[in-house]
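What follows is a set of notes on a single structure, which appears directly below.
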Amino acid sequence: MKLYAHPLSGHSHRAVLFLSLLGAPAEIIEVDLASGAHKQPAFLKINRFGQVPVLVDGATTIADSNGILVYLAKKLGRTDWLPESPAEAAAVQRWLSVAAGQIAFGPAAARLITVFGAKFNAEEVIARAHAVLTLIDGELAGQPWITGSRPTIADVALYSYIARAPEGNVDLAGYPQLRQWLARIEALPGFVPFARTPVGLAA
């Protein structure tokens, strides 16, 4: 398998992290986003959206970070990470949607301002970040993982941008359950950290 990724992309880190947690070998190919390599014809043949990450596994190409998590869990038969029962699978999907929605438009967007100079309204996206982090902190008050008693790909999908939220001036001090959850993920065998950038509250 080959994973096209970038070290400062939280979406890429999701895929890198899950590959490592699974102990699944893959060649990590860094895409030079700064030079616009992701918008060149060669890369657009792999993913016409011009985004990372992209997983290439023989004739199969998966060009979506959450899709990559699902693919790897299914390919490797890891029902511990992606349960098969309807209720448990739906619970995981709920949080994959949060990762693609409220996390992307909250803490991820706030970090894009400081790390990449994105032209978002900082006050607005930071407020969105705190809204979703408050919900997640509450969800974790009664359970160690986001869907219950064991980690799933939902935890992997949520982790990266939450862990680096302070880089986007989103303070995690008021979320004790969430910070304990981050520590639990970081203690998992095979964990690999998301690259740090000294900006925002992390400067």
*Cleavage-rule hits (trypsin sites (Lys or Arg not before Pro)) in segment 43-136: DSSP loop, at most 11 neighbouring Cβ within 10 angstrom*: ARG48, LYS119
*Of ALA154, ALA87, ALA163, which has the largest mean-square fluctuation in a 10 Å C-alpha GNM of the chain?*
ALA87
_GNM flexibility winner over the chain from GLN93, GLN180, GLN51 (Cα, springs under 10 Å)_ = GLN180
*Considering amide H positions built from the backbone, and no H for Pro or chain starts, which residues 5 or more places from VAL170, or on another chain, come under 5 Å of its amide H?*
LEU201
*Diagonalise the Cα gyration tensor of segment 21-172 and give the resulting equivalent ellipsoid semi-axes, square root of 5 times each eigenvalue, largest first, whole Å.*
26, 25, 11
*Once you've got the GNM for the chain with C-alpha springs shorter than 10 Å, pick whichever of VAL52, VAL115, VAL70 has the biggest mean-square fluctuation.*
VAL115
*Near the amide H of ILE29, under 5 Å away, which other amide H atoms are found, from residues 5 or more places off or on another chain, if H is placed in the peptide plane?*
LEU3, TYR4, ALA5
*Any idea how far apart PHE120 and ALA89 come out in nm if each label point goes 7 Å out from Cα toward Cβ?*
3.2 nm
*Count neighbours as other Cβ atoms within 10 Å of each site's Cβ, and list the chymotrypsin sites (Phe, Trp or Tyr not before Pro) in segment 1-86 that are DSSP loop with at most 14 such neighbours.*
PHE49
*Sum up the lysine pairs in the chain that clear both bars: alpha-carbon distance under 24 Å and a spacing of 8 or more or different chains.*
6
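Ignoring ligands, DNA and RNA, what percent of the accessible area of segment 118-203 is carbon or sulfur (1.4 Å)?
56 percent
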*Hey, any idea what % of segment 1-44's accessible area is carbon plus sulfur with a 1.4 Å probe?*
58 percent
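The values are calculated or read from the model by the stated rules, or taken from the named source; none is laboratory data. If you're wondering where the values come from, they're calculated on a predicted model, not measured in any experiment. Heads up, the Cβs are rebuilt from the backbone with ideal geometry, glycines too, and the neighbour counts pull from every protein chain shown. The protein model used for the area step is the full one, side chains on, heavy atoms only, and it has no ligands, DNA or RNA in it. Shrake-Rupley method; radii C 1.70, N 1.55, O 1.52, S 1.80 Å.
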